[in-house]
Structures are given as C-alpha cells and as structure tokens.
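Here the structure comes first, spelled out in structure tokens, and everything after it is commentary.
The values are calculated or read from the model by the stated rules, or taken from the named source; none is laboratory data. Here the structure is a predicted model, which is why all the values come from computation and not from measurement. Virtual Cβ from ideal backbone geometry, glycine too; neighbours counted across all protein chains shown.
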Amino acid sequence: MGALQSLPGHPEYVDLAEKTGFSYQQIGVLHKRFKRLSHNEETLLREHFSKIPDLECNPIRSQITEAFFDRRNFRQNGEGTVEEIGFEEFLVVMSHFRPPSLHMTEEQRESVRRNKLRFLFNMHDTDNDGTITLEEYRHVVEELLSLSGTLEKDTAKSIADAAMLEVASISMGHMEPDEFYEGITFEHFLRLLNGFEIESRMNVRFLNMDATTLCK
Amino acid sequence: MAELRPVRRSSTGPPLTGLICVFLLVFVSVASASRDVGNNETRRNAAGEAPEDSHHQTNSTAHKKAFPVLSLNYDHVRKPFEIALWILLALLMKLGFHIIPRVSNVVPESCLLIGVGLLVGGIIKAIREEAPVLDTKLFFLYLLPPIILDAGYFLPIRAFTENMGTILVFAVVGTLWNAFFIGGMIYGVCQIEGTQLASVDLLSCLLFGTIVSAVDPVAVLAVFEEIHINELLYILVFGESLLNDAVTVVLYHLFEEFSHAGTVTVADAFLGVICFFVVSLGGILVGAIYGLLGAFTSRFTSHTRVIEPLFVFLYSYMAYLSAEVFHLSGIMSLIACGVTMRPYVEANVSHKSYTTIKYFMKMWSSVSETLIFIFLGVSTVAGPHAWNWTFVIVTVVLCLVSRVLGVIGLTYIINKFRIVKLTKKDQFIMAYGGLRGAIAFSLGFLLTDNEMKSMFLTAIITVIFFTVIVQGMTIRPLVELLAVKRKKDSKGSINEEIHTQFLDHLLTGIEDVCGHYGHHHWKDKLSRFNKTYVKRWLIAGERSTEPQLISFYNKMEMKQAIMLVESGSAAKLPTLMSSVSMQNIQPRESARGRAIPSISKSREQEIRKILRGNLQNTRQRLRSYSRHDLFIDPFEDNVSEVRFRKQRVEMERRMSHYLTVPANRQETPLVRKVCFEPEHRVYTYDDSERPSPPDAVNLLSESPPRPNQSGKLGAKVPDQDQEEQDQLKLSRCLSDPGPNKEEDLS
C-alpha cells in the first residue's frame, strides 16, 4: 500500500480499486500503459489497438479488440458497442483476467467462473442474441486457423460442426430428427466448459509489468 | 496358466490359485539359484578333468563312445536362461497379485513385490546360496532408463511448463535443504556420547544425507499411478523427483570427493555450484540434441515403417549413456530427449508405430519397475547389515521432519509468486508423497567400502521400506479421506481443445495489450518459432504446416473410426447415448422443394462408375509378401473410407430432406444403411435389415428404434431408382470427392 503515496492526487483510484478489485499499484501500472497506448489522450480508439505490434501475429486480434469496445463487458448490463473507451472501461475489461484470491468461498469462486465464462461467451456471440449459432462458432474456428497458412475452409467447417454436435449432445441429450438446435446458450456454455477450470487458467499477472516496453 | 481360466469363475478359486502360483514361483526361483551354484561346481570339476579327458582321447581312440541322442548342456545357455527366468518369474508374480483382487486394492503393488523379494531372498539365504544382488551397474544402465524414458516421453508438457518454476524450486532448493538438514542433524546426533557413532565425520554424514534425501521417481510413479491424483499434484511431485537428479548427482560426487580429501574450501563450494549448472544444463543439451536427431531421422522413415519405434528407443538410450559418460545428469538428458522428440515423431510415424512405441515403453518400464522392487527385497536380505537403533530411527524421523518443513517453507515462499496457490491439502500430499526408492539404495551401494557403509545401507533400506510400505499403503485412504481432487476423465473433447487454443491466444493478446512479456507471450513466440523454422525441417510432407487444431481433430476422428472398426459387428457403440445428429444442427434451408435438375442416364453411369472406382482402388493394391514388410495396412485405408462414408451418410441425411418423401412427417426419413463390407466384396448400398452398427457410422449413435423403421420404409420404395437418385445427388453434393479425403489421413 506504500504505492499510494507515490501516486499523488489520484483519488479516483480508490473508486476504481473498489470496483475492479485491483490494488493501487496495479491500477497505477495499468494507467501508465493506458496513457502510452492512447498517446496521452483520454480515450482509446480501435486504431490504437491495431498499432500494437505483437497483436498483429495473433489470429484472434479482431475479436480481442472488439471485446474492449463491447458494452456487455463493462459490467453495467449495457449492450452494443462503443467507439471509444476511457480508463475505467479499460480497467473493467482487464479485471476479467484477475486471478482469484486464495481464500474464496464456493459461491465467490462460482461467480468468478461465471464472469470469466461470460466474457468468453460475449466474444463468441458477436450478434448479441444470447446464443452462439453454428455460423458464429464456425467463424471462431476459422479465425483460430486463419494465420496457419493452409486455410482449409472445409476442415474448419467440419471441426466447428463436430464441436457443435458435441455441445448439442451434452446439453440436449435426446433430440427428435426434425428438431433444430438453435445455438449454444450461456447455460449450455457453462455446462460445456464445466471441467475446464477457467478460474485458474484465464489469468494474467498484472504486477510485474514494464510499461515502457513495446508500443511505439 | 490353463488351469486359471476355469478356476476364475469360482469365488474361492482365484486366491487359492494365486497363492499356489506364488509358492510355485518362489520354489522355482530358489531352484534356479541353487542350480547356478551346482553348475559352478560341476564346471570347476569339468575344467579339472578336461586335460585328463584330452589325454584319454589321444590314448584311446579305439574306444568309441556311443552317439549321444540326448545330452544336457546347461552352461551354454546359462546366462540368458537365468535372466529370462527371473524376468518371467517377476512378471508372473505381478500377474498373480492382480488375480487376488482384495489384496491389490489395499496394498500397492510395490509393497507386494518387495515382500516377494524378501521371501525369495530369505529362502535363498536359508539354503545358504548366493543371491543375486541389485548390482549398481545393472540398475543404472538397464533397469532405470526404461522407466525414466516412459515418464519423460509421456510427460504432460502443458502442466509441466506451467508449473516449472515451482517444480524447480522444490527440486533444487528442497533437495539441498533436505540433504543439509538431515546430514547436519545426523552429525549432531552422532556427536552425542553413548551412541557409539563418534567415528562418523561430517562429510560422511552429509553424503549420507544427500543419498537419503532425494525423492525417487520410480517409487513415486509406482504409488501415484494407483491413486489417480489430480494432474497438478502429480506433476509437482513427479517433476520434482525427476529434476532433483541433477542436484543429487552433483552433491554426491562433491561429497564423495571431499570425504577422500578431508577438507572443504570455499573454492570447492563455488566449483560445486558451477558443476551443478554444467551437469543439469549439459544433460538437457545432450538430450535435446539426440531428440532433434531422432526427430530428423523419423522424417525419412515413411518407407521403412517397421523400424520406426526402434529409432525412438535407441536415440533416447544413447542420450542417456552419452550423458553418463560425462557424469552429466542422465535422467535429465533422457527427459529432454523424450520431450523434444515427441511432437515431431508423432507427426511423422504411422499410427501403428505410435501404438508400438507407446506399448513397448509401457511394457519395458513395467518390467523394470517389477524387477527393481523384487531385487530390492532380495538385496535387503542378502546385503551386509549393521543395525544401529539410534542411527536408523533418527534417520527415519529426520527424513519425515525435513520433508514436511521443506514443503511448508517453500510453499510459503512460492505461493507469493503463483497464480493458483497451493492449499494445505496439496502441501500435505506433496510432503507425504516424497518417497525414497531404489536410486537411494543404489547410490548407497556405490559408496566405498568402509565400516560405516553397512550402517548407512541399513538405514537407507529402512527409510525406503518405511516410505514405500507405510506411506505407500496409507496414502490412498488419506487421499480419499481428505477428498483430494482426482484426475478427471478427459474424453478428448473438441470443444475443450478449441477453447484451450482460444484461451492461449486470448491471454497472449491481453498480455500484449498490457505490455507484459509474460508466460503466454514467450510460449506464443516459441510456438511460432517452432512452426516457421523447426517444423519444416523435422516433419515430413504437408503435416509440417498442419495447425494443432486440425491434427487434434484428425486424431479424434481416427480414434473414433478405430473404435468403430473394433466394435465392428458389435451391437452397441460405447459413445454418448444421444440421438442428436448433424441434421439437428444444420440450419434449415428455407426452400424445401428445390428443383433438382436431371442428369442424363449416361452421365449418371459415369458418375457412379467413378465413385465405385475410387473405393475399389484402395482395396486392390498389390500385396507382395515379404518378411520385412507389414501388410499394406488395409485398416488405414478403411479408416479414410469410413470417414468418407460417414460424411456421405451425413450428406444423405441432409439430402433426404429434399427427396420427395411421403408427406407424413412422423416417419423417419429414408436412411441409407452403410455397411462395412469385408474386403472381397464390392461396396454396395444395402437396404436390408441390418443391425444398428452401420448407423453408428455417425459421430453419435442413433437411438435403436430408427433402423427398424427405415428398414420397413425401405421395402416400400423401389431400390434401383432411389439408389441412382441418391448417388446422383451425392456426387453433386459432395464437396470433396473421395481421393482427396483419403490423402488427408496418410
């Protein structure tokens, strides 16, 4: 907590810390990074993201960028997308990747899981209708394979189909031949990734960051 | 073993038979041991008589011996015979234990094997014969490598690299702590008067501490394998037992040298530290070089599939031996070789070779493990012992205490750096799972002979027995009592694979946004480097550019196709009992009555011929017999055919929506049964009532009633027309014609 003295005049950190659960030190580091990315402006735009050099080699960069501008991730039950985000929204999106603390009750752990899985779900469900349809899932797989060179559309399709089949069989069990499986709802998604231990996997270390590297 | 089969049905039969087995085998093993000595004597006599014989022969050439119809010459095959006999007995013991069900649930196998070894050793000693001892060379050169190779090759890489920091801290710092703590405290105890131990000096104590402090991979594997603990704990304890070899090697040689020299200087300690880095990094480097060589070799083996598994084994063994030449850590070299080689070899070798590699490794490591434990028991009885109550009891207590303290202390420090903290339960299992085993024994055997050696050996053996027997037996009920997380049964879900990859990329991206060069960033860089440069050199053909998701998917398909073939005409497919199939997922096309253009009859014939021809081609390859050739595997062709057919059936399902089907929607649409015909028959569409397995060509099995219905429907519709129409539609609707699909899997 000694970091508080080294950050003069940042009373808003207290609010942010409460809202997102980060420590003052972490918020300070992230703020420095935010200012660097946005070239010292108040808000971040999509172009700022596209200028990050390492992100270009990432096959799902567009989805990551979109996730930052997606209102559903701002924990305010909003919908749709925005054009620019401030530091608070940046921090809220980042807070999805905070590791769970050691002493948590079962309900807290469960809610952390739900939050993280909700984030993933929002990334897949691009048209915001509450379900991941086959088309959207196919798009996910295609994006994953997009940088590998050999873009075999049919293999991507069959992988997505097989995956969808698996979800359907796990969630629905028995279906009549003329029934149609609309898409993966959030509940099905939860059940699907039940054994995935997402609360221990979807984490980034925030403390040891060197904000002076990269982003020119 | 013929007697066992009918006996198994009765309830009292198996235990009794098992006991008979055990006694029989013990008897035979003793007999073989005594026979050795007997033969030694006869050989000595024969050697003495030989000069006489030659005299006799030169003198009495007229005295002709009768032609020997049946003669006994045991010496000729003595050594291989005994080795084979011992191995056979060891495995029969193992077999015997699993027939007695109740015992094997309570007592871990390692304990039983030690017990048998003790029994055999005791009997051999009772007849005052010479028992075979666990020779150090035998252990380190022949028995240990298969186990380590098996462990290294199948090491779960992801879990290992994620916890690498923790594992290294435990392996290096933990072992150092154990060695110095035990050595120091023992020295302190020895200085107390009245224990007759004053002759033990500090260096010998430290040497002893080193030997007894290392967690043993063989024992850990043997026990942990049976309790199915969760992956994190398994990899922590097991990884530690593998990586502490470097520390043990360095410390051992260090103290061994010093105890001859007598004094230690600061320069020596500094050299020791450097030696540690040389030993561990050098071992890894040697292993990596051999691993890359092995991967490179496997790139060219597409024409000689039969010898592929041998390359894996030989390169790994060479890595081990090369490391041992320079006194580097052989274990780390072996692990590095297996880990480096595996992804490339698996991409290059055929499926059969992959299975062979897997099974041979498991087989050899199983035999080694069994032999090690039996020999441990035998050597216990045979070896020179000097029992000293104080020394032994203090050693055992100190081992436990130092392990517990070490784990608790290190976890406190490590938890500050870990994302997923280690709970108290985890710490307990880690402390309790620190078993000592045969490596400690062999290292003790290597000590130079002095009056303390027998005392040390006795203490080491007691510690080993205590950890393996007491801790090994009680860990299973403790795990259940503490409700420690067990290994979850992962069924290779493609969704999890997709999300694993997705998450990897997501976390890398977030790290990039944060500006944080973290774990994921470097992993991503490494895998990109791997893809662009390394894979191109080490993987044959187009597989080198295949992304991981696709190879995972192909593997899964292959596995399911194999399951299909093996269950063949069996009635049930052991998959999810769900009736969901592709048509439930595919979005409904709005236009139902799509106009299907007609094709002329001759064109139909052509198309049909082409389709049939593609299928037949794969079957009619020339098969010339050669002892060095595996039969050109009909199976691997058929797998691609099965896939092909599966896709066809899916198409059919979809197409059946567009067929002019009778209006009542309750009836299931016309289902074409696809049969897995034996090879000599040409593939045909068969509409008759076949049992459900052909339907199981789908990813999931259909609910049973359907085939019967379709069978009835099928009878109504004239076969010929439908068949033509179907093939017609199929030929148009198949996006990938047959040949490409088959190449996909080669």
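Matching residues to (1) surrounded by fewer than 21 Cβ atoms within 10 Å (Cβ to Cβ); (2) farther than 30 Å from A:Phe196 by Cβ:
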position: B:Ile147; (1), (2): no, yes
position: B:Arg158; (1), (2): yes, no
position: B:Gly174; (1), (2): no, yes
position: B:Asn178; (1), (2): no, yes
position: B:Tyr187; (1), (2): yes, yes
position: B:Cys205; (1), (2): no, yes
position: B:Leu221; (1), (2): no, no
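Can you confirm whether segment A:103-116 contains a residue that is among the basic types (Lys, Arg) and farther than 16 Å from A:His188 by Cβ?
Yes, some residue in segment A:103-116 is among the basic types (Lys, Arg) and farther than 16 Å from A:His188 by Cβ.
Can you tell me which residue in segment B:324-351 is farthest from B:Leu293 (Cα to Cα), limited to those that are of a type in the set (Gly, Ala, Ser) and touching a Phe, Trp or Tyr at 6+ places or on another chain (Cβ under 9 Å)?
B:Gly330
Output the residues belonging to segment B:105-119 that are free of Cβ contacts under 8 Å to residues at least 24 places away in the same chain and surrounded by fewer than 18 Cβ atoms within 10 Å (Cβ to Cβ). Break it down into steps so the answer makes sense when it comes.
Going residue by residue through segment B:105-119, those that are free of Cβ contacts under 8 Å to residues at least 24 places away in the same chain are B:105, B:112.
Passing the criteria: only B:Asn105.
Residues are listed down the side, and each one gets a yes or a no for (1) among the hydrophobic types (A, V, I, L, M, F, W, C); (2) away from chain A (no Cβ under 14 Å):
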{"position": "B:Ile372", "(1), (2)": "yes, yes"}
{"position": "B:Pro384", "(1), (2)": "no, yes"}
{"position": "B:Phe391", "(1), (2)": "yes, yes"}
{"position": "B:Val396", "(1), (2)": "yes, yes"}
{"position": "B:Ile414", "(1), (2)": "yes, no"}
{"position": "B:Tyr432", "(1), (2)": "no, yes"}
{"position": "B:Phe445", "(1), (2)": "yes, yes"}
{"position": "B:Asp449", "(1), (2)": "no, yes"}
{"position": "B:Met452", "(1), (2)": "yes, yes"}
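Residues checked against (1) under 27 Å from the mean Cα position of the chain (by Cα); (2) within 14 Å of chain A (Cβ to nearest Cβ); (3) more than 30 Å from A:Gln63 (Cα to Cα):
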{"site": "B:Ala438", "(1), (2), (3)": "yes, no, yes"}
{"site": "B:Gln471", "(1), (2), (3)": "yes, no, yes"}
{"site": "B:Thr474", "(1), (2), (3)": "yes, no, yes"}
{"site": "B:Leu482", "(1), (2), (3)": "no, no, yes"}
{"site": "B:Gln501", "(1), (2), (3)": "yes, yes, no"}
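On the given criteria, is B:Val237 at pLDDT 85 or above, over 21 Å from the mean Cα position of the chain (by Cα) and closer than 22 Å to B:Val173 by Cβ?
Working: at pLDDT 85 or above: yes; over 21 Å from the mean Cα position of the chain (by Cα): no; closer than 22 Å to B:Val173 by Cβ: yes.
No: the conditions fail for B:Val237.
Of the conditions (1) modelled with pLDDT under 80; (2) loosely packed, with under 14 Cβ neighbours inside 10 Å, A:Ala3 fails just one. Which one is it?
Condition not satisfied by A:Ala3: (2).
Hey, does segment B:516-536 have a residue that's among the β-branched types (Val, Ile, Thr) and facing chain A (nearest Cβ under 8 Å)?
no
Report yes if some residue within segment B:232-255 is part of a loop (DSSP other than H, G, I, E, B) and either surrounded by fewer than 19 Cβ atoms within 10 Å (Cβ to Cβ) or not hydrophobic (A, V, I, L, M, F, W, C) (or both); otherwise report no.
No: segment B:232-255 contains no residue that is part of a loop (DSSP other than H, G, I, E, B) and either surrounded by fewer than 19 Cβ atoms within 10 Å (Cβ to Cβ) or not hydrophobic (A, V, I, L, M, F, W, C) (or both).
Give me the pairs, please: first residue somewhere in segment B:248-273 and charged (D, E, K, R), second residue anywhere and modelled with pLDDT of 80 or more and in a helix (DSSP H, G or I), beta-carbon distance under 8 Å, and either six or more positions apart or on two chains.
B:Glu256/B:Leu207; B:Asp268/B:Leu254
For segment B:325-368, what are the residues that are more than 17 Å from the chain's Cα centre (by Cα), part of a helix (DSSP H, G or I) and not aliphatic (A, V, I, L, M)?
B:Gly330, B:Ser333, B:Tyr344, B:Asn348
Going residue by residue through segment B:73-87, is there one that turns out to be modelled with pLDDT under 85, more than 22 Å from the chain's Cα centre (by Cα) and of a type in the set (Gly, Ala, Ser)?
no
What's the total number of residues in segment A:40-49 that are aliphatic (A, V, I, L, M) and within 12 Å of another protein chain (Cβ to nearest Cβ)?
1
Just checking, how many residues over segment A:75-116 are more than 10 Å from chain B (Cβ to nearest Cβ), within 30 Å of B:Ile414 (Cβ to Cβ) and hydrophobic (A, V, I, L, M, F, W, C)?
Matching residues across segment A:75-116 total 3.
Check segment B:185-200 and report whether any residue there is of a type outside the set (Gly, Ala, Ser) and in contact with a Gly (Cβ under 7 Å, 6 or more places away or on another chain).
Checking segment B:185-200: at least one residue is of a type outside the set (Gly, Ala, Ser) and in contact with a Gly (Cβ under 7 Å, 6 or more places away or on another chain).
Looking only at segment A:50-63, decide whether some residue is under 25 Å from A:Asp161 (Cβ atoms), within 11 Å of another protein chain (Cβ to nearest Cβ) and small (Gly, Ala, Ser).
Yes: one or more hits.
Check segment B:465-476 and report whether any residue there is more than 30 Å from B:Arg342 (Cβ to Cβ), at pLDDT 75 or above, among the hydroxyl-bearing types (Ser, Thr, Tyr) and in contact with a Leu (Cβ under 9 Å, 6 or more places away or on another chain).
Yes, segment B:465-476 has at least one match.
Just one of B:Thr467, B:Thr390, B:Thr380, B:Thr411 is surrounded by 14 or more Cβ atoms within 10 Å (Cβ to Cβ), in contact (Cβ under 8 Å) with a residue 40 or more places away in the chain, touching a helix residue (DSSP H, G or I) at 6+ places or on another chain (Cβ under 6 Å) and among the hydroxyl-bearing types (Ser, Thr, Tyr); which is it?
When all the criteria are applied, what remains is B:Thr380.
Please go through segment A:40-72 and pick out each residue that is of a type in the set (S, T, N, Q) and in contact with a His (Cβ under 7 Å, 6 or more places away or on another chain).
Of everything in segment A:40-72, just one residue is of a type in the set (S, T, N, Q) and in contact with a His (Cβ under 7 Å, 6 or more places away or on another chain), namely A:Asn58.
Just checking, which of B:Leu168, B:Leu138, B:Leu206, B:Leu143 is assigned to a helix (DSSP H, G or I) and over 27 Å from the mean Cα position of the chain (by Cα)?
Just one listed residue meets the conditions, B:Leu206.
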